[in-house]
Amino acid sequence: MPYKDVAKNRAATKAWKKRNPEKVRTQNKAYREKNKNERLVYDKIYREKNRDKIEAHRLKTMYGLNVENYNELFIKQCGRCAICGKHQAELKQALSIDHCHKTGKIRGLLCAKCNLGISNLGEDIENLRCAILYLNNQITSDISEP
């Protein structure tokens, strides 16, 4: 088949898909269900082969960062959590990108525990102050008193 015919066929197929989104959705769903096991195997192999590519895409879409930006931040923090100071080598997971959920501004890299702690306290400075006061009071008070 000459190239012109292939290109013409592709254009016609694209136009049909645009006119029939519900049929396309139904066909895609049926294909995925029919080939579920093959897709799982393919997806697993793809993820293993393309970890760097997938991570680069995640950084870009979620945080607007590229790999170089992340590496600069990592070097600036000497590979350590910005709060507790644990080094990446001591952790099971990579350092998380901490960002303000209101502004989207990147604050730094944190270990999973510190990132979760800030999140669980609602990223609220007053809650953090209260937690510090609470911990200081518990450490300095006599626990044996009723």
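The values are calculated or read from the model by the stated rules, or taken from the named source; none is laboratory data. Given the structure is predicted, the values throughout are model-derived calculations rather than measurements. Cβ: placed from backbone, ideal geometry, glycine included. Neighbour counts: every protein chain shown.
What to note about this one:
- Subset tally (residues that are β-branched (V, I, T) and surrounded by 16 or more Cβ atoms within 10 Å (Cβ to Cβ)) for the stretch 54-100: 2
- Matching residues in the stretch 114-125 - criterion: being part of a helix (DSSP H, G or I) and exposed (fewer than 15 other Cβ atoms within 10 Å of the Cβ): L116, S119, N120, I125
- Remark: pairs (first residue in the stretch 60-85, under 19 Å from H101 (Cβ atoms); second residue part of a helix (DSSP H, G or I) and aromatic (F, W, Y); Cβ separation under 8 Å; 6+ apart in sequence or on different chains) are absent.
- Filtering C100, C130 for residues that are within 16 Å of the chain's Cα centre (by Cα), of a type outside the set (G, A, S) and at pLDDT below 95 leaves a single hit, C100.
- Restricting attention to the stretch 35-53, the residues that are polar (S, T, N, Q) and either in a helix (DSSP H, G or I) or in contact with a helix residue (DSSP H, G or I) (Cβ under 8 Å, 6 or more places away or on another chain) (or both) add up to 1.
- Of the criteria (1) without any contact (Cβ under 8 Å) to a residue 24 or more places away in the chain; (2) closer than 28 Å to C111 by Cβ, which one T26 fails: (2)
- Of residues in the stretch 54-103 being among the hydroxyl-bearing types (S, T, Y) and not in a loop (DSSP other than H, G, I, E, B), the one nearest to L116 (Cα to Cα): S96
- Enumeration of residues in the stretch 87-97 that are under 13 Å from the mean Cα position of the chain (by Cα) and over 12 Å from Y63 (Cα atoms): Q93, A94, L95
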